[in-house]
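This report concerns only the one structure given below.
Laboratory data are not the source of any read-out in this text; all were calculated from the coordinates shown. This is a predicted model, so every value here is computed, not measured. Note that each Cβ is placed from the backbone with ideal geometry, even for glycine, and that neighbours are counted across all protein chains shown.
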Amino acid sequence: MNTFPPGHMTVFFFANMATEDLPSDFDIVILGTGLAESVVAAACSRVGQRVLHLDRRSYYAANWASFTFNGLLTWIQEQNEEPKPEEVRDWSGLTEEGEELIHLSQADSASITNLQVFSYASEEEEEEEAANTTEEEKAADEEVVKESSETESADSKEEEEEKEGAGEEEEQPNQAEGEEPEADQPHPSSPGQSEPSREKISYAQLVKEGRRFNIDLVSKLMFSRGSLVDLLIKSNVSRYAEFKNVTRILTYRHGNIEQVPCSRADVFASRQLSVVEKRKLMRFLTSCVEETEEQTVYHGRPYLEFLRDQQLGDNLQHFLLHSIAMVAEDTPTEEGLASTRHFLRSLGRYGNTPFLFPVYGLGEIPQCFCRMSAVFGGIYCLRHSVHCLIVDRDANRCKAVIDSRGQRISCSHVVMETSYLDRSKVATPPRFLSRAVLITDSSVLPSESNQQISMVTVPPEGGSPAVKMVELSSSSMTCIPGTYLVHLTCRSVGSAHQDLSPLVTRMFRTTESQEEDRRPSVLWSLYFNMADGMASQVEGQPLPSNVHICHGPDSALGHEDAVQQAASIFQRILPEEEFCPPAPNPEDIVYDGDNSSAGEDRGDMGQDDGQNPEQNQNQENPDPEQNQNQENRNQNQENPDQEQNQNQGNLELQRVGPEEPPSSS
């Protein structure tokens with residue numbers, strides 16, 4: 001029997017796929033493990049639906065995934081490979097009279113494009129280590145020779161050694177007080193000499209410690225009073241994860257990074273604002289809480305015009321428009337005020353800013369909901385896909401699916417991400433997102449604490465789009481100590497490198513410079529374009545009425561769209577059921593025919609999480625030290641490359657930081 005360390009948990013998965021077929025009948029088949037699909041899976045399993053959740057990838061969360069550095073390198077290599085021609089097999093032998101097949105796409109080759117990688121870190125670590133080793137060996141040889149010569153002359157210098165020994169005894173009290181001999185002074189002073197200079201991190205070190213990185217494909221934050229946090233609390237899924245507060249909000253203005261005063265304490269402590277500006281800002285923020293007649297007059301007019309008419313100076317207009325509302329200048333006033341209220345409502349719930357960030361990266365959130373689904377009987381298989389939908393012509397409903405092994409699986413509903421649809425039925429997304437991921441050696445705004453998590457807003461300038469930047473320190477468990485992980489996102493105008501590299505060049509050092517420069521140095525960077533999920537639309541012949549489509553990440557900072565998608569799909573499938581009702585606490589679960597032997601069979605996991613071991617098999621015993629690495633998520637998925645799956649592993653998640661009891665409604 002496997003044992004589990006206290007406080008650590010893992011999801012169980014069904015089926016040794018090499019030898020066993022899946023059950024042939026489910027209520028719901030879900031394709032893809034993105035956030036919306038995972039929430040639907042958890043919601044349906046929670047109310048007793050039989051759920052089969054498949055993903056053709058070898059990792060969870062699709063374009064919401066997080067990777068270790070090594071896993072990300074593997075992912076990049078796979079994305080750069082030429083897509084293999086799809087093999088269309090004849091599955092007509094599995095259909096019955098009155099049924100037809102809808103073939104699904106077997107590869108997602110359109111959502112990620114224009115990948116470019118740049119490495120600026122030194123690759124000389126091995127040579128330096130070799131040189132240091134050689135010097136140490138030489139020094140050791142010299143010491144041996146010196147010791148042998150001293151031994152030969154020991155007899156002739158006994159009297160001198162005795163006198164020197166007596167002298168050393170007299171010097172010991174002085175040394176204890178800090179007055180060391182001249183020859184010994186460099187040793188204590190050497191650490192002090194290295195403090196001002198940054199520790200150089202080589203590319204070899206990034207690879208060596210790559211498992212300690214958790215790098216997100218999409219960059220988002222969680223509003224403290226947003227729909228995702230409310231759902232995590234209500235459903236009790238929050239206990240599977242841990243979160244950190246975003247500690248500060250910054251803005252890039254006139255070539256400098258400034259801290260944005262957003263809470264009452266920040267406003268009155270700010271040195272950037274005059275006393276008059278502080279009073280105006282507090283008066284305006286107070287007036288924004290509720291809608292007034294004065295505000296309705298500006299409906300349909302630009303938000304910037306409304307701010308100007310409030311007699312707010314340039315400083316306050318910049319902070320309110322770009323860092324609090326985070327909207328464009330021509331955004332209608334009603335939208336700008338709604339964004340401002342959303343920001344203000346989230347302030348102070350868990351910290352001094354409105355945002356939370358999940359420890360180990362955003363890829364943890366879909367996995368938390370997958371875990372809840374598995375706990376309530378959901379069956380999971382990675383590297384397993386569906387080739388066809390079997391549709392009843394008369395009813396225009398999907399009756400079954402045919403998986404990659406040729407098995408017909410009956411179902412009442414199908415939920416899938418857009419990448420599974422044939423590309424001829426999906427409009428080419430009119431919008432893309434430009435993404436950049438940087439590993440840097442210091443913060444964009446150094447402070448006394450090196451554990452800051454920062455949200456940085458960069459307003460549009462010279463035709464370039466507005467950029468949202470998130471800087472993560474090692475406290476978020478997404479990078480190694482001594483480095484920062486920086487995510488940049490904007491709506492695409494050209495390729496990601498064209499859109500974001502000018503800003504990166506202004507804010508960071510990308511090459512060695514002889515002159516003194518306090519900007520952070522970029523050690524490694526990745527640029528790519530990602531399809532904007534909000535822009536994906538299904539076209540062509542209508543899909544069966546019981547096939548529901550989820551699109552990928554959108555350009556918004558929060559997760560409202562994904563949660564809204566999941567809730568809408570759930571209500572169409574089960575209109576009379578509650579969406580994600582609270583899960584019972586493990587100690588409240590009573591098993592049918594529960595006895596002492598059954599409790600022993602469940603082990604630590606059964607007592608902790610209420611998991612029935614007969615629901616899922618092939619348990620994996622997690623290593624507690626791998627909680628940071630998130631590797632080897634599922635040994636039963638036949639993943640030939642474990643490095644690719646390192647960041648996707650084990651679902652060993654701790655209790656959420658916010659200690660708010662789940663809603664009972």
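General remarks:
- Backbone HN-Hα couplings from phi across the stretch 245-255 [Karplus 6.51/-1.76/1.60, Hz, Gly and Pro as x]: 6, 6, 7, 7, 10, 10, 9, 9, 9, 6, x
- Cα radius of gyration and Dmax for the stretch 210-330 (Å): 17.8, 56
- Translational diffusion coefficient of the stretch 371-456 (Stokes-Einstein, Kirkwood radius from Cα pairs, 10 °C, 1.306 mPa s): 87 µm²/s.
- Length gained when the stretch ASN585-GLU560 is fully extended (0.36 nm per residue, less Cα-Cα span): 6.3 nm
- Scanning residues 5 or more positions from VAL467 or on other chains, those with amide H under 5 Å from its amide H are VAL458, with H placed 1.01 Å from N in the peptide plane.
- Share of Cα-Cα pairs in the stretch 292-420 lying beyond 24 Å, as whole percent: 59 percent
- Residues with amide H under 5 Å from that of ARG509, placed H, sequence gap 5 or more: SER521, VAL522
- The length gained on full extension between SER404 and PHE284, counted as 0.36 nm times the residue separation minus their Cα-Cα distance, comes to 37.3 nm.
- Each peptide among 313-319, 89-95 gets the average number of other Cβ atoms lying within 10 Å of its residues, and from highest to lowest they stand as 313-319, 89-95.
- Note on the stretch 448-508: Kirkwood radius taken over Cα pairs, Stokes-Einstein applied at 37 °C and 0.692 mPa s, translational D equal to 259 µm² s⁻¹.
- Over 30 Å apart at the Cα level, from the set LYS84/LYS468; LYS208/LYS244; LYS84/LYS200, are LYS84/LYS468; LYS84/LYS200.
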